[in-house]
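The values are calculated or read from the model by the stated rules, or taken from the named source; none is laboratory data. On a predicted model such as this, the values are computed, not experimentally measured, just so you know. Cβ placement follows ideal geometry from the backbone for every residue including glycine, while neighbour counts extend to all protein chains displayed.
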Amino acid sequence: MIKTRAKEVLRIESEAVRSLINRIDDTFEKAVDLMYACKGRVVVTGMGKGGLIGQKISATLSSVGTPSLWMHSVEAIHGDLGRVSKEDIVIVISKSGETEEIRSLLPLLKKIGTKIIALTGNTKSTLAKYSNVVLDTSVKKEACSLNLAPTASTTAMLAMGDALAVCLLDKKGFKKEDFAFYHPGGMLGKQLLLTVEDIMRMKKSNPVVNQEKKIKDVLLAITKARAGSASIVDKKGKLVGIFTDGDLRRHLEVDANLSEKKVKDVMTKRPTTVTKETLAAEALRILQERKIDEVPVVDKKGKPIGLLDVQDLLKAGLV
């Protein structure tokens, strides 16, 4: 019984969304054009469950580059209306279009001079009459067995709001780099914004040793820096090699006097390098492809200025 009822709820709500498809016409395009031309912000308001949907729509718009704010309809007529200017677009969400608080708000919005986009289930309502654009989000019935609780209707409102936001995103030419800018804390933001410079080890944490030094001196430098390798340089300070834990193990197996040898004789020459401008995600790809754990960071002259360890990428949340 429960599984059957759950399937019925999903069927009703999916049909509510599907029914919106045939309502997408020039009116919808006009709504997108109004939002695209908006010089202010897209203000979203509503009451009850529709108001909660409005909060999500506003958040989605903001996340894809359209300045937006949520304004509760009751709070609007008690002072928050001061947030709205004639440069704004106001999306008003109401199933009936006759909610008392919204009816009180509409003449005030008109007085300000803002344009109104309505998401409503009643295209002949007071809200519809006051609006510049009316988007029909009516449904045949709610998924609630009493046909009372906002279920299918709020799903339809949400879907229509998503359609507006996505079409506006496309019209603006919004790219994934733009998305990352507004989501710097997310994985995509890290992949597109975080650079090697942001996480590389520097100064005391970046052991740099002259190629004429003995292995025991290199090991001391690595230990002090708590690193897994050291960048090896010539007398001009240019990177000529790297000495890693792996190099130590490989040579120690065949040379008991390794600690007294010069590092230039056992280092890995011409190591893989990155620059500080390299994206951290690209550096991770390089480490994985080359199957290495550390990579020196060099400047334009080939001098080591930092060290990137796979652990740094792990801490940054990229692994």
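A few notes on this one:
- Entry remark, the range 221-253: residues being of a type in the set (Val, Ile, Thr), touching a strand residue (DSSP E or B) at 6+ places or on another chain (Cβ under 8 Å) and over 10 Å from residue 267 (Cβ atoms) number 2 in total.
- Residue within the range 282-296 that is assigned by TED's automatic domain parsing to the domain that holds residue 205, among the acidic types (Asp, Glu) and in contact with a helix residue (DSSP H, G or I) (Cβ under 7 Å, 6 or more places away or on another chain) present: yes
- A single member of 132, 147 is under 19 Å from residue 27 (Cβ atoms), surrounded by fewer than 16 Cβ atoms within 10 Å (Cβ to Cβ) and not basic (Lys, Arg), and it is 132.
- Residues that are of a type in the set (Val, Ile, Thr), buried (at least 19 other Cβ atoms within 10 Å of the Cβ) and assigned by TED's automatic domain parsing to the domain that holds residue 163 number at least 2 in the following helices (runs of 4 or more DSSP H) confined to the range 5-76: 48-63.
- Meets criteria (within 29 Å of the chain's Cα centre (by Cα), in the same structural domain as residue 66 (by TED's automatic domain parsing), free of Cβ contacts under 8 Å to residues at least 40 places away in the same chain and surrounded by fewer than 19 Cβ atoms within 10 Å (Cβ to Cβ)) for residue 170: yes
- Candidate set from the range 240-264 (those that are farther than 13 Å from residue 230 by Cβ and in contact with a helix residue (DSSP H, G or I) (Cβ under 6 Å, 6 or more places away or on another chain)); member that is surrounded by the most Cβ atoms within 10 Å (Cβ to Cβ): 258
- Qualifying residue in the range 239-252 (condition: touching a Leu at 6+ places or on another chain (Cβ under 6 Å) and either at pLDDT 95 or above or of a type outside the set (A, V, I, L, M, F, W, C) (or both)): yes
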